[in-house]
Amino acid sequence: MKKNTQKNLLKFFNIVLMALAWFYLYSQIKNHQSFFSQITDLWNELQKNRATLFIIFVLMLINWILEAKKWQILTKSLAKINLFQSLESVWIGLSLATFLPLGNFLGRAKNLPKKNRFDSAGALVINGGLQFWVTMLGGIFGISQFFELDNYLTFLLFAFWILLYFVGLFFYNEWSLVRTPTTANLIVVGENTDNGRAIKNKIVRQLKFADKIIIWLQKNLYFASQYSQKDILKTTFFALLRYGVFSLQMILIFKAANFSLSTEKIIVGSSLLFAAKSVLPVGGFLVGLSVREATALYFFGTLGEEKVVTITFLLWIINIGLPVLVGSFLLLKNAKRKNE
């Protein structure tokens, strides 16, 4: 009876999660009713060039396959998962992240052995860090062009960012030599006396929870330091490809919509848009879409407000909205599989 109850609760929880994902998408669309006519116009314009529209959807799939490949590489020491399992984990994580602070972490760890799930935090940090480095590399180019920086300053910015990467590449494994002090290493003056032992025991009790967190962080820091340089380079390569896919999508949709903007300016605006989204402290998808729109309005302001926001919103639907729906279905499918 207890086992059936747990299964029913798990099934109910997964259905609620899927419903929340659907409700979130509906609320986002409802809040942008003023753009419906512009979206319709843009869609009709894209229909005139269905080959381009098809390529944009294919690039969306390639983008997430590249992300899944990165996750597969970074978790191979925790579990041997195939590319489809990795893609499934990434999409479930994306779906959960729409309304859970740790949703991305929980979803990606779903196909890993239970004993290794918490250890995947190190892989998630490395994955995000490398994609951030690539995004900001493109951001440096965008900043230099948008603000018309001189060549020498631009060179210094690129040199610093690339040097930072190679310093990390050749010395990141030294992190494993760092030992973070925990309560087990606590030394109290006069601890051999009754009063000293009482003080130490009191401090240890107060820091017990913090001590567990420190040990967990230290364990993941050690795990992150164990990647080979080959794995880091391969992950960086796929991160670069993923950034290229994003940029190509932007170019294609701008061109297909017959916007009179040069390819160079589209790349500059896109790089600034991606960089701003990466560095601004946004709280997940609920405000991420608004941030994307605001930065698009600023950097692509010369194109006109509604057209730019319509393009970024349509790309959000293609790149994020559809995978979120797929992730919610996969989540429900996994729940049913466990109940069988």
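Annotations
- Filtered residue count, the range 168-184, keeping only those that are among the aliphatic types (A, V, I, L, M), open to solvent by 70 Å² or more (accessible area, probe 1.4 Å) and modelled with pLDDT of 65 or more: 0
- Residue-level check: of (1) within 23 Å of the chain's Cα centre (by Cα); (2) under 18 Å from residue 53 (Cα atoms); (3) modelled with pLDDT under 90, residue 251 misses just (3).
Here is a yes/no grid of residues against (1) under 17 Å from the mean Cα position of the chain (by Cα); (2) among the charged types (D, E, K, R); (3) open to solvent by 20 Å² or more (accessible area, probe 1.4 Å); (4) closer than 22 Å to residue 240 by Cβ:
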position: 88; (1), (2), (3), (4): yes, yes, no, no
position: 105; (1), (2), (3), (4): yes, no, yes, no
position: 111; (1), (2), (3), (4): no, no, yes, no
position: 131; (1), (2), (3), (4): yes, no, yes, yes
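- One residue from 142, 107, 122 being under 17 Å from residue 276 (Cβ atoms), part of a helix (DSSP H, G or I) and out of contact with any His (no Cβ under 9 Å at 6 or more places or on another chain): 142
- No other residue among 79, 123, 97 is of a type in the set (Gly, Ala, Ser), closer than 24 Å to residue 317 by Cα and either open to solvent by less than 20 Å² (accessible area, probe 1.4 Å) or within 13 Å of the chain's Cα centre (by Cα) (or both) apart from 97.
- Residues being outside any helix (DSSP H, G or I) and surrounded by 21 or more Cβ atoms within 10 Å (Cβ to Cβ) - total across the range 258-279: 0
- Among the criteria (1) in a helix (DSSP H, G or I); (2) open to solvent by 10 Å² or more (accessible area, probe 1.4 Å); (3) more than 30 Å from residue 256 (Cα to Cα), the one residue 57 does not fulfil is (3).
- Filtered residues of the range 63-76 (kept if under 13 Å from the mean Cα position of the chain (by Cα) and in contact (Cβ under 8 Å) with a residue 60 or more places away in the chain): 63, 64, 66, 67, 70
The values are calculated or read from the model by the stated rules, or taken from the named source; none is laboratory data. Bear in mind that the values here come from a model prediction, so they are computed numbers and not experimental data. We place every Cβ from the backbone using ideal geometry, glycine too, and count neighbours over all the protein chains shown. Ligands, DNA and RNA are stripped out before the accessible areas are found, and what is left, the full protein with its side chains, is counted by its heavy atoms. Shrake-Rupley method; radii C 1.70, N 1.55, O 1.52, S 1.80 Å.
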